[in-house]
Amino acid sequence: MKKVAILGSTGSIGTQTLDVVRENPDRFKVTALTCGSNTELLAEQIEEFRPEFASAEREEDAARFASRFPDVKFGWGRQGLIDAACGSCDMVLNALVGMRGLEPTYYAIKAGKDIALANKETLVAGGSLVMDAARSKGVKILPVDSEHSAIFQCLEGNAGRPLNKILLTASGGPFRGYSLAQLEKVTLEQALNHPRWTMGAKITVDSATMMNKGLEVIEARWLFDAPPEKIQILVHPQSIVHSAVEFEDKSVIAQMGVPDMRIPISLALGYPDRLKSSEPGLDFFGQGANLTFEKPDTSVFKCIGFAYDAIREEGSYPVVLNGANEALVDLFLRGKIRFVDIQDTLERVMDRHRPEYGLDLEGILEADCRARESIKEYFS
């Protein structure tokens with residue numbers, strides 16, 4: 001039985017991961033759960049899964065839980081996430097949102113834990129550091145994002161065969177086909193209304209700006225050791241083809257399926273096995289009947305270009321791009337800035353950035369902090 005620690009168990013990916021565990025009680029044992037502010041749901045999860053360890057964001061919540069669940073050890077904050085990741089488990093499923101996912105992933109790898117990775121910022125900001133650590137420790141990093149899981153599956157059995165191109169699909173988000181003038185009038189409510197996926201607020205806004213796809217380009221560069229010029233984004237509004245790979249002979253292998261995150265989650269948890277699902281599969285005469293593909297409009301959705309520029313330059317560029325974006329999305333979610341201010345400000349930040357190279361974990365975290373502070377200065 002595989003022991004699994006779930007970081008971010010109360011979010012969209014975390015709750016769907018627990019769905020997979022429920023369907024496979026003979027295969028998985030949850031040993032750690034963590035949450036941010038949704039403590040009521042965490043309490044329900046502790047009641048059901050009885051982990052050895054749990055962690056909340058605030059110390060007072062952890063103390064309250066400790067008296068309620070005396071057989072469970074509790075942590076809180078940053079250290080609680082690290083302790084959950086490095087404790088009694090075989091695999092860490094990291095479903096945290098944002099930069100806070102980097103540290104527990106890195107320390108879990110150093111502790112020899114396999115990683116099921118849904119936190120893209122881990123590789124966006126710490127790609128070289130994290131991948132070097134994984135190679136050194138012989139740790140597997142299994143992607144949970146549907147697109148990267150698809151690429152991973154397409155590459156299975158093709159070790160050593162040179163890639164011609166990674167075809168990374170994107171739904172296009174709620175503003176597919178918009179002009180820059182139309183983006184000027186976008187509201188928060190519109191940005192949070194994704195046409196295909198139900199996700200947390202931050203990643204939903206990233207999907208609306210298409211920064212999410214830009215971050216996935218950076219993530220793919222590290223996961224699959226592919227230069228950015230070999231990673232192409234395809235807007236595919238049906239979200240049936242989750243991504244594809246083209247080889248040197250121009251053969252294209254694609255992974256298809258219904259838009260259900262439990263599929264890539266179950267693949268990562270059960271690897272190398274595939275777990276049986278009770279859900280209905282793809283109907284080729286229904287949702288799979290008409291599939292279309294488009295080029296992304298990078299003159300409107302400029303965040304895509306910023307991401308390609310950042311990964312070409314490497315060093316601290318991706319760290320700053322990610323940190324500044326997180327700060328800007330937070331301001332947008334709080335009604336402090338307009339939707340278009342996200343990409344307009346990012347453009348100024350990236351143009352002014354002076355890169356650093358060879359960063360260790362502390363250096364990455366410091367560069368991230370400076371990027372966030374710079375956003376405060378723009379809007380103070």
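The values are calculated or read from the model by the stated rules, or taken from the named source; none is laboratory data. None of the values given here were measured: they were computed from a predicted structure. Cβ sites come from the backbone with ideal geometry, for glycine too, and all protein chains shown count toward neighbours. Calculation scope for accessible area: heavy atoms of the full protein, side chains included, ligands and nucleic acids excluded. Shrake-Rupley method; radii C 1.70, N 1.55, O 1.52, S 1.80 Å.
The figures follow:
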item: Linear extension gain, L361 paired with V252, 0.36 nm per residue minus alpha-carbon span; result: 35.5 nm
item: Computed accessible area, Y106, all protein chains, 1.4 angstrom probe, square angstrom; result: 30 Å²
item: Whole-Hz ³J(HN,Hα) from phi, Karplus 6.51 cos²θ - 1.76 cosθ + 1.60, for segment 152-160, glycine and proline x; result: 4, 5, 5, 8, 4, x, 10, 4, x
item: Reachable lysines, given that their alpha-carbon falls under 16 Å from the alpha-carbon of K302 and they are not under 8 places away in the same chain; result: K213
item: Overall form of segment 1-117 per C-alpha gyration tensor (a/c, 1.5; a/b vs b/c); result: rounded
item: All aspartates and glutamates inside 16 Å of K202 as judged from Cα atoms, apart from same-chain residues fewer than 8 positions distant; result: E121, D145, E189, E216, E326, D330, D341
item: Which label in (i) 27, 54, 19, 1; (ii) 28, 50, 20, 2; (iii) 29, 61, 11, 0 gives the computed P(r) over Cα pairs in 20 Å bins from 0, in percent; result: (iii)
item: Sulfur and carbon atoms: percent of accessible area, the chain [1.4 Å]; result: 48 percent
item: Cα gyration tensor shape for segment 203-245, rounded if a/c is under 1.5, else prolate or oblate; result: oblate
item: Cβ charges +1 (Lys, Arg) and -1 (Asp, Glu), total dipole of segment 320-372, debye; result: 320 debye
item: Positive dipole terminus of the chain, leading residue within T10, G286, V217 (C-beta point charges); result: G286
item: Heavy-atom SASA rank of M131, M211 (probe 1.4 Å, accessible area, largest first); result: M131, M211
item: Cβ-based net charge around P237, under 9 Å, with every Lys or Arg adding one and every Asp or Glu removing one; result: +1
item: Ellipticity estimate at 222 nm from DSSP helix runs (n ≥ 4, -39,500 (n - 2.57)) divided over the chain, nearest 500; result: -14000 deg cm²/dmol
item: Total formal charge among the other residues, if their Cβ is under 14 angstrom from that of S251, Lys/Arg +1 and Asp/Glu -1; result: 0
item: Neighbour-limited loop hits for trypsin sites (Lys or Arg not before Pro), segment 291-380 (at most 12 other Cβ within 10 Å; DSSP other than H, G, I, E, B); result: R334, K336
item: Cα gyration tensor shape for segment 283-373, rounded if a/c is under 1.5, else prolate or oblate; result: prolate
item: Dipole magnitude (debye, nearest 20) for the chain, charges at Cβ of Lys, Arg, Asp, Glu; result: 200 debye
item: Neighbourhood charge, 10 Å Cβ-Cβ cut-off, centred on L275 and excluding it, Lys, Arg +1 and Asp, Glu -1; result: +2
item: Relative intensity, log₁₀ I(q)/I(0), of segment 244-289 from a Debye sum that treats every alpha carbon as a point, q = 0.16 Å⁻¹; result: -0.61
item: Heavy atoms of E356: accessible area, 1.4 Å probe, square angstrom to 10; result: 70 Å²
item: Stretch gain in nm, segment K336-E44, where the contour uses 0.36 nm per residue and the Cα spacing is subtracted; result: 101.7 nm
item: Vicinal HN-Hα couplings computed from phi for segment 194-211 (Karplus, 6.51 cos²θ - 1.76 cosθ + 1.60; Hz; Gly/Pro x); result: 6, x, 10, 10, 9, 9, x, 4, 5, 5, 5, 5, 4, 5, 5, 7, 6, 4
item: Rough spin-label spacing in nm, given labels placed 7 Å along Cα→Cβ, for K276 and F69; result: 3.0 nm
item: Residue-normalised accessible area of segment 115-258, given per residue in Å² at a 1.4 Å probe; result: 38 Å²
item: Rounded Å value of the spacing that divides the Cα centres of segment 287-361 and segment 256-270; result: 27 Å
item: Integer Hz, Karplus 6.51/-1.76/1.60 couplings in order for segment 272-282, x for Gly and Pro; result: x, 7, 9, 8, 5, 10, 8, 7, x, x, 6
item: Dipole moment magnitude, nearest 20 debye, segment 46-189 about Cα centre, only Lys, Arg, Asp, Glu C-beta charged; result: 480 debye
item: Distance (nanometres) between label positions extended 7 Å along Cα→Cβ at F379 and M131; result: 3.2 nm
